[in-house]
Amino acid sequence: MPVWLREHSWRQTLTAVYLSLPLRGARATPANIFCSEQYLKVSIPPFLFEAILYAPVDDTNSTAKIGNGNIFFTLYKKEPAMWDSLTLANAGKEKLQHLRENAVLKAQEKAKEETEAKKITKQEHKKYALEATMKLEEAERKRIEDLKEKERQKVAKDLELWKNRQKDADKYKSVQKKGELHQEIEPLKERKNEKMNKTRIPNEGTSKIRLKSTKGCHGSCSIFSQNLKEEQLPAPRAAATIKVDFTPRVFPTALRESRVAEEEEWLHKQAEARRRINSDLSELEDLKEEEKNPDWLKDKGNKMFAMGNYLGAVNAYNLAVRLNNKLPVLYLNRAACHLKLRNLHKAIEDSSKALELLTPPVPDNENARVKAHVRRGTAFCQLELYTEGLQDYEAALKIDPKNKNIEKDAEKIRHLIQGTMQSS
């Protein structure tokens, strides 16, 4: 049988009613309180308090504060007036039942409207996050294309300048060779003329000698021509294109600069992600190849978290988890987003999942385990489960005992627990 709370105190103004209800050691939460326009109920087993208010109040703006073993209600009147009493006099069981049913129906309708509004808001946020992601990707793609175009123009300009320099160098070499050849031919012609003058004798009787000399001159002329041909340099080689064939590789880096083991692991992850996409995620066929990479989605979620777009970051981490649910950093980062969005139960679930994946505990994952314990402990404390939160903070201190911030937070939680125990 419930124990009815009869003791209470209240005061009023023209616009508000202030009600104080003692709890007698019971621990209350917002879930124990129900308030409508003219009906107020507080259910804290085994205690129960019900009241049909004297006049309607604004249940949307009215507040309730829990602390120091009391519940303080601030009820704002819909119409400014002074009440004769807190509750409606001569309220029978039938009227109480009728008001209770109407209040429950109105509360259900209001909750349904709020759910629909949240659903619409969530869809709008999701659409906005997708549009923002697309804009960011488009801007990044355009920036890369501009850089490529500038680099292409620069290379084309340098190539054209190099070709012009090569042409000028070829012309200079050609002119220089012609000048050297002319300088070599002039002394040879002078020697030839001297020899011919020596062989010319005015006596006709010496025609044979002259003939012989002529023949010798002819022979010397042939030798000169032959020597001249031998001394001529070959023409410059014509320009040509050299084709180079490379060994086909998946990665653009050279084999000598690559890390084979890491590349093989990345390819294995990509193949596993493709198999999951083809089997379970047929709705993601329109995504680009890099958008199906969990690491790319993780980086995208980190950027959105830094920009304050926590819903967009959650969407990115959700898709990354669907692609690869074995990465603890995805659950750890998503828990941080849920803390920002006040989704405390989801933050606890993601932190717990991250701790499951961070086993066995090794020095390499100490930092991640500390973050998981702190985030789960923070969520517990915000749910007023201070004992569970203190356990997580103490576990984080065991891993990192030199962290002063965690030690201060743990000390604050101990004081809260002691204060709660003293008040109860």
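Quick notes on this one:
- Verdict on residue 41 being of a type in the set (D, E, K, R) and more than 30 Å from residue 384 (Cα to Cα): no
- For the residues 279, 258, the requirement of being modelled with pLDDT under 90, outside the structural domain of residue 370 (by the TED database) and open to solvent by 70 Å² or more (accessible area, probe 1.4 Å) singles out 279.
- Hits in segment 112-153 - residues which are surrounded by 11 or more Cβ atoms within 10 Å (Cβ to Cβ) and polar (S, T, N, Q): 121, 133
- Counted residues, segment 305-314 - those being more than 14 Å from residue 295 (Cα to Cα) and buried (at least 19 other Cβ atoms within 10 Å of the Cβ): 5
- Selection within segment 69-85: residues that are open to solvent by less than 50 Å² (accessible area, probe 1.4 Å) and in a strand (DSSP E or B). The member of this set that is farthest from residue 6 (Cα to Cα) is 77.
- Test: residue in segment 356-367 that is in contact with a helix residue (DSSP H, G or I) (Cβ under 6 Å, 6 or more places away or on another chain), open to solvent by less than 40 Å² (accessible area, probe 1.4 Å), outside the structural domain of residue 124 (by the TED database) and in a helix (DSSP H, G or I): no
- Subset tally (residues that are open to solvent by 60 Å² or more (accessible area, probe 1.4 Å) and without any contact (Cβ under 8 Å) to a residue 12 or more places away in the chain) for segment 92-104: 6
- Per this entry, residue 343 is not counted among residues that are of a type in the set (S, T, N, Q), surrounded by fewer than 17 Cβ atoms within 10 Å (Cβ to Cβ) and within 20 Å of residue 305 (Cβ to Cβ).
Listed here are the residues, each with its yes/no results for (1) surrounded by 13 or more Cβ atoms within 10 Å (Cβ to Cβ); (2) more than 20 Å from residue 319 (Cα to Cα); (3) free of Cβ contacts under 8 Å to residues at least 12 places away in the same chain.
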position	(1), (2), (3)
335	yes, no, no
347	yes, no, no
377	yes, yes, no
387	no, yes, no
393	yes, yes, no
399	yes, yes, no
403	yes, yes, no
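- Tally, over segment 29-60, of residues that are over 25 Å from residue 109 (Cα atoms) and of a type outside the set (Phe, Trp, Tyr): 2
- Only one entry of 51, 89, 55 meets the criterion of being hydrophobic (A, V, I, L, M, F, W, C) and either within 46 Å of the chain's Cα centre (by Cα) or open to solvent by 40 Å² or more (accessible area, probe 1.4 Å) (or both), and that entry is 89.
- Some residue of segment 292-310 being at pLDDT below 85 and under 14 Å from the mean Cα position of the chain (by Cα): yes
- Residue ID - nearest to residue 96 (Cα to Cα), chosen from residues in segment 1-55 that are of a type in the set (Lys, Arg) and modelled with pLDDT of 80 or more: 41
- Scoring residue 353 on the criteria (1) in contact (Cβ under 8 Å) with a residue 40 or more places away in the chain; (2) farther than 18 Å from residue 394 by Cα; (3) among the basic types (Lys, Arg) leaves a single failure, condition (1).
- Selection status of residue 66, open to solvent by less than 50 Å² (accessible area, probe 1.4 Å) and either in contact with a His (Cβ under 9 Å, 6 or more places away or on another chain) or part of a strand (DSSP E or B) (or both): no
The values are calculated or read from the model by the stated rules, or taken from the named source; none is laboratory data. Predicted, not measured: the structure shown is a model, and the values here were computed from it. Every residue, glycine among them, receives a Cβ derived from its backbone with ideal geometry; neighbour counts consider all protein chains shown. Ligands, DNA and RNA are stripped out before the accessible areas are found, and what is left, the full protein with its side chains, is counted by its heavy atoms. Shrake-Rupley method; radii C 1.70, N 1.55, O 1.52, S 1.80 Å.
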